[in-house]
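One structure is given here, and the rest of the page talks about it.
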Amino acid sequence: MLTQNDNELICKTGPSTPMGDYLRRFWIPALCSDEIAEPDSPPVRVKILNEELVAFRDTNGDVGLIDNYCPHRRASMFFGRNEECGLRCVYHGWKFDTNGDCVDMPSEPAESNFKDKVKITAYPARDWGGFIWAYMGPAELQPDLPEVGWAMVPDSHRKVSRRLQENNYVQGIEGGIDSSHVSFLHAGLTPYQRDHPEARPVRNGVMQPTAMIGDSAPRFVVQDTNYGFVYGANRDAENDEYYWRITPFMMPFFTIIPGSIGNADDLTYSGHGWIPADDENCWMFTYSWNASRPLNKGENHPASDLELEPRTMRATINRDNDYGIDREMQRNVNYTGIANGSVQDAGIQEGMGAICDRTKEHLGTSDSAIINLRRVYLRGAREIMEGGEPFTPEKGSDYRLRSVSLLQDREISFNDTVPFVLNKSR
Ligand code: FES
Ligand SMILES: [Fe+2]
């Protein structure tokens with residue numbers, strides 16, 4: 001559990017909040033590159049860290065990320081005309097470039113130099129790994145772009161997406177690093193068991209989703225690292241081996257889901273980052289990539305295939321329709337009665353309320369990664385409050401990571417296993 005004060009400290013990310021200032025020390029995904037695919041294409045509304053912004057790609061292909069509100073009389077720049085290396089406000093024609101400089105002010109006399117005195121807030125923005133990233137912190141502290149695996153491969157080797165979730169971002173991240181829920185929330189029958197009722201696992205006369213029969217209480221290890229922290233879970237396997245799933249958490253938002261057991265360079269990885277839109281909504285960014293070949297159709301994370309409402313960017317299966325829960329399916333096919341794994345996660349995370357009341361929780365040993373996340377966040381936010389410099393990774397290359405699933409002898413310790421995770425993905 002957390003105190004009410006600490007809960008608010010990590011969940012509130014607007015300008016001048018401690019956690020908001022901490023997150024502004026990092027490059028942050030703001031939207032997907034293909035949302036502003038072409039030079040001079042229509043501008044797009046973006047809300048991150050409680051700031052309303054507009055993204056556009058100018059005639060040269062450079063990306064601008066500027067305040068939604070025109071500094072003249074606060075008209076929305078979303079309505080702007082994207083023309084000749086700048087976005088022009090349609091109310092009185094003031095035009096701004098990607099740096100936020102006012103480059104034309106046709107409503108003032110030609111001899112006026114007023115335009116040289118006016119700027120619109122503009123954040124540095126980079127097109128990197130299929131996302132447009134924003135840096136919203138102090139200019140002198142701007143870090144390297146993170147060399148995350150999906151940014152280090154050609155476009156054809158990755159797929160990315162974003163969608164809105166109606167809950168605070170910390171709930172999303174806590175779901176992403178919560179290994180133990182996979183055995184329950186996402187449990188279901190194998191295709192064979194679906195077709196053959198006699199092969200379904202039965203306990204006390206009641207059908208059990210498959211994963212419930214195995215080792216549902218793995219042991220967890222967490223360690224701080226130069227990029228955030230790494231956490232591992234081991235489950236008993238045959239032949240005196242453990243089945244390990246080891247995952248890096250990359251500050252400040254990013255997870256990589258451990259894939260199947262196999263040669264790391266051939267595997268396709270996926271993960272998510274949850275970025276605050278405001279305190280009660282977040283953007284779930286999803287990325288899938290393969291280091292050595294183009295992605296095949298359907299190989300990406302299913303979250304990237306969900307149908308979205310065009311304006312809100314929520315999934316069409318959402319809380320308004322109870323995530324399509326089917327009680328018959330819940331009795332006979334899977335644990336939740338909700339068809340899509342990503343929707344299962346969204347239902348649980350949104351169902352906690354917009355900001356989870358962490359004063360009322362009871363955390364167990366399976367929550368050790370979540371406890372560590374809060375410790376790292378609280379430490380950073382408190383350092384900001386005290387005027388110190390919080391932890392951030394030193395170099396972009398600190399993010400060259402992947403996750404690992406492997407079987408190995410029970411004698412081999414976590415410390416001897418973790419270096420697998422530290423191998424760069426490319
Ligand atoms: S409000 Fe934008 S130009 Fe007047
Ligand atoms: Fe999940």
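The values are calculated or read from the model by the stated rules, or taken from the named source; none is laboratory data. Keep in mind the model is a prediction, meaning the values are calculated, not measured. Because the Cβ atoms are built from the backbone with ideal geometry, glycine has one as well, and the counts that use them run over all protein chains shown.
Summed over region 28-57, residues that are part of a loop (DSSP other than H, G, I, E, B) and acidic (Asp, Glu) total 2. Here Glu299, Glu307, Glu328 are screened, and the one residue that is modelled with pLDDT of 95 or more, assigned by TED's automatic domain parsing to the domain that holds Arg194 and out of contact with any Phe, Trp or Tyr (no Cβ under 7 Å at 6 or more places or on another chain) is Glu307.
Please find, within region 40-91, the residue that is farthest from Asn168 (Cα to Cα) out of those that are away from ligand 1 (no atom under 14 Å from the Cβ) and of a type in the set (Val, Ile, Thr). The selected residue is Thr59.
Summed over region 159-194, the residues that are away from ligand 2 (no atom under 12 Å from the Cβ) and more than 19 Å from Asn372 (Cα to Cα) give a count of 16.
Taking region 312-403 and the helices (runs of 4 or more DSSP H) fully enclosed by it, the elements with 3 or more residues that are within 16 Å of ligand 2 (Cβ to nearest atom) are at 341-351, 368-385.
Taken over region 76-86, the residue count meeting the criterion of being free of Cβ contacts under 8 Å to residues at least 40 places away in the same chain and in a strand (DSSP E or B) is 2.
Within region 87-138, restricting attention to residues that are touching a residue at least 12 places away in the same chain (Cβ under 8 Å) and assigned to a helix (DSSP H, G or I), which residue is surrounded by the most Cβ atoms within 10 Å (Cβ to Cβ)? My answer is Lys115.
In summary, Pro143 fulfils each of the numbered conditions (1) in contact with a Leu (Cβ under 6 Å, 6 or more places away or on another chain); (2) surrounded by fewer than 21 Cβ atoms within 10 Å (Cβ to Cβ) with the single exception of condition (1). If you take the residues of region 283-297 that are touching a Ser or Thr at 6+ places or on another chain (Cβ under 8 Å) and part of a loop (DSSP other than H, G, I, E, B), which of them is nearest to Leu164 (Cα to Cα)? The selected residue is Leu295.
In summary, Arg25 fulfils each of the numbered conditions (1) in a loop (DSSP other than H, G, I, E, B); (2) over 29 Å from Leu308 (Cα atoms); (3) free of Cβ contacts under 8 Å to residues at least 60 places away in the same chain with the single exception of condition (3). The residues of region 1-18 that are modelled with pLDDT of 95 or more and assigned to a loop (DSSP other than H, G, I, E, B), listed by number, are Leu2, Thr3, Lys12, Thr13, Gly14, Pro15, Ser16, Thr17.
Conditions tested, residue by residue: (1) modelled with pLDDT under 95; (2) of a type in the set (A, V, I, L, M, F, W, C).
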{"site": "Ile355", "(1), (2)": "no, yes"}
{"site": "Glu361", "(1), (2)": "no, no"}
{"site": "Thr365", "(1), (2)": "yes, no"}
{"site": "Asn372", "(1), (2)": "no, no"}
{"site": "Tyr377", "(1), (2)": "no, no"}
{"site": "Glu383", "(1), (2)": "no, no"}
{"site": "Arg402", "(1), (2)": "yes, no"}
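Looking across Pro276, Pro248, Pro252, one residue alone is assigned to a loop (DSSP other than H, G, I, E, B) and in contact (Cβ under 8 Å) with a residue 40 or more places away in the chain. It is Pro252.
So is Arg410 among the basic types (Lys, Arg) and crowded, with 18+ Cβ neighbours inside 10 Å or not? For Arg410, the condition - among the basic types (Lys, Arg) and crowded, with 18+ Cβ neighbours inside 10 Å - is not met.
Could you please find all residues in region 151-178 being within 16 Å of Ile256 (Cβ to Cβ) and more than 13 Å from the chain's Cα centre (by Cα)? Passing the criteria: Ala151, Met152, Val153, His157, Arg158, Lys159, Asp178. Restricting attention to region 324-375, the residues that are of a type in the set (Val, Ile, Thr) and either surrounded by fewer than 20 Cβ atoms within 10 Å (Cβ to Cβ) or closer than 19 Å to Glu280 by Cβ (or both) total 7. Just so you know, in region 269-291 the residues that are under 12 Å from Glu51 (Cα atoms) and not aliphatic (A, V, I, L, M) include one that is surrounded by the most Cβ atoms within 10 Å (Cβ to Cβ), and it is Pro276.
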